[in-house]
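See below for the structure under consideration.
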Amino acid sequence: MSKKKVVCVGGGTGQASILSSLKKFDDLDLVSIVGVTDNGGYSGVIREAMGIPQPGDSRNCIGALSDPELLQSKIINYRFSEGSLAGISLGNLIIAALTRITGDFSEGIKETAKLAGVSGKVLPVSNDSTQICAELEDGTQIIGEWEIIKRKNRKKVKSMYLEDRAFATEEVKNELKTADLIIICPGSLCTAIISAILAEGISEAIGESEAKLIYICNIMTQTGQTEDFTVSDHVNFIQNYIQRSIDFVFVNNNHPSEELLEEYKRDNSFPVVLDSHISRTKTEVILTDLLLDLDMDKLKQNERVQGENMHIGTHLIRHDPEKMAAILNRFFN
């Protein structure tokens with residue numbers, strides 16, 4: 001029996017949790033398509049210094065697909081915690097070095113994945129370095145991921161675009177067109193998901209694909225991007241940028257702890273509510289428990305080291321890889 005090709009699309013953190021679920025299945029041909037516009041943290045420092053797309057999200061996905069017990073995986077995932085090195089990922093530096101050695105960003109990612117012992121594919125959506133931009137409802141233009149997230153003008157995002165044209169690689173387009181299942185992973189809606197879809201050729205490739213299309217909806221809203229967004233708002237926003245309907249949307253129905261909700265409330269972030277405005281004739285809603293149910297102390301232990309003046313988001317409320325594996329399994333049989 002031939003393997004089913006499952007293609008995941010999105011940013012690094014949200015997609016990594018889904019890849020952790022999918023790698024448990026031996027009969028899947030896994031492909032990770034990763035956005036390249038993040039300009040925060042040390043990944044942003046690398047892209048600014050070297051003029052290459054940001055490596056951090058791809059490194060995150062490589063780490064999720066690798067065996068954490070292997071030394072080479074630990075090397076790729078290693079993050080320094082000492083002094084001025086705090087927060088620097090060794091994997092990002094390896095990708096940057098291999099990009100220079102091979103002369104190609106996508107090849108640098110592939111060689112890094114080989115070093116980590118990854119069997120699936122991790123593909124940056126484009127070899128072009130560009131910035132994600134937002135037009136707000138009052139016409140204001142904001143350039144850059146963290147500039148969008150941290151902006152003082154809190155008018156809602158009207159639309160997204162790329163500052164410079166970025167072209168999806170032929171390999172990426174072909175993987176989408178030949179997929180059996182395409183999963184749009186959770187993550188920052190505007191700056192992780194839409195930024196990946198905006199690479200030229202992606203929308204058309206998804207539209208041409210005969211694959212079933214799944215969107216795993218975010219559990220929480222995100223300040224600066226999706227304040228007050230319901231499930232249908234998320235779905236409709238994505239469908240503005242792709243040439244087909246989403247077949248299935250996964251929605252969490254497990255309530256996070258009050259302690260966690262208070263933590264998010266400080267960032268004006270709240271649970272995404274399932275509303276009645278989704279076209280059920282086009283999109284089937286799968287309402288189920290998706291939450292990684294850990295206490296605050298354990299979740300805090302998983303937070304990454306942060307260097308001075310480096311911005312990272314709050315990632316305490318997450319999708320559970322075990323629960324996701326059980327739900328996704330029905331689509332593979």
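Data overview
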{"read-out": "Computed [θ] at 222 nm, deg cm²/dmol, the chain (DSSP H ≥ 4; -39,500 (n - 2.57); rounded to nearest 500)", "value": "-9500 deg cm²/dmol"}
{"read-out": "Thr223 - accessible surface, heavy atoms, 1.4 Å probe, Å² rounded to 10", "value": "40 Å²"}
{"read-out": "Sulfur and carbon atoms: percent of accessible area, the stretch 1-132 [1.4 Å]", "value": "53 percent"}
{"read-out": "Alpha-carbon centroids, the stretch 244-278 and the stretch 145-167: separation in whole Å", "value": "22 Å"}
{"read-out": "Cβ-derived FRET efficiency at R0 41 Å, Glu82 paired with Lys282, nearest 0.05", "value": "0.20"}
{"read-out": "For the stretch 209-229 versus the stretch 1-52, the gap between their alpha-carbon centres in whole angstrom", "value": "16 Å"}
{"read-out": "Extension gain from Glu135 to Ser119, taking 0.36 nm per residue of separation minus the Cα-Cα distance", "value": "1.8 nm"}
{"read-out": "Considering only the stretch 1-100, percent of DSSP beta bridges that pair antiparallel, nearest 5", "value": "10 percent"}
{"read-out": "Förster-model FRET efficiency, 25 Å R0, Glu258 and Asp289, C-beta, rounded to 0.05", "value": "0.90"}
{"read-out": "Per residue accessible area of the chain, 1.4 Å probe, in Å²", "value": "45 Å²"}
{"read-out": "Accessible area, probe 1.4 Å, largest first, for residues Asp26, Asp180", "value": "Asp26, Asp180"}
{"read-out": "More than 39 angstrom apart: percent of Cα pairs within the chain", "value": "6 percent"}
{"read-out": "Simple spin-label estimate for Asn333 and Lys152 in nanometres, 7 Å along Cα-Cβ", "value": "5.7 nm"}
{"read-out": "Rel. contact order, % - alpha carbon contacts under 8 angstrom, at least six apart, the stretch 1-141", "value": "26 percent"}
{"read-out": "For the stretch 86-170, alpha-carbon Rg over 2.2 N^0.38 Å", "value": "1.40"}
{"read-out": "Kirkwood Rh in Å, taken over the stretch 1-52 so that all alpha-carbon pairs contribute", "value": "12.8 Å"}
{"read-out": "Among beta bridges that DSSP assigns inside the chain, antiparallel share in %, nearest 5", "value": "30 percent"}
{"read-out": "Surface accessible to a 1.4 Å probe, Thr191 within the full protein complex, Å²", "value": "0 Å²"}
{"read-out": "Accessible-area value, Glu262, 1.4 Å probe, nucleic acids and ligands omitted, Å²", "value": "90 Å²"}
{"read-out": "Rg/Rh for the stretch 193-245, where both radii come from Cα atoms and Rh is the Kirkwood radius", "value": "0.99"}
{"read-out": "Whole-Å semi-axes of the ellipsoid equivalent to the stretch 153-249 (Cα gyration tensor, √5λ, descending)", "value": "23, 17, 10"}
{"read-out": "Accessible area, probe 1.4 Å, largest first, for residues Glu135, Glu258", "value": "Glu258, Glu135"}
{"read-out": "Percentage of interatomic Cα-Cα distances in the stretch 24-180 larger than 26 Å", "value": "33 percent"}
{"read-out": "Mean separation of Cα contacts under 8 Å, 6 or more apart, over the residue count of the chain: relative contact order %", "value": "19 percent"}
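The values are calculated or read from the model by the stated rules, or taken from the named source; none is laboratory data. Note that this is a predicted model, so its numbers are computed, not measured. Positions of Cβ are generated from backbone atoms using ideal geometry, with glycine treated the same way; all protein chains shown enter the neighbour counts. Ligands, DNA and RNA are stripped out before the accessible areas are found, and what is left, the full protein with its side chains, is counted by its heavy atoms. Shrake-Rupley method; radii C 1.70, N 1.55, O 1.52, S 1.80 Å.
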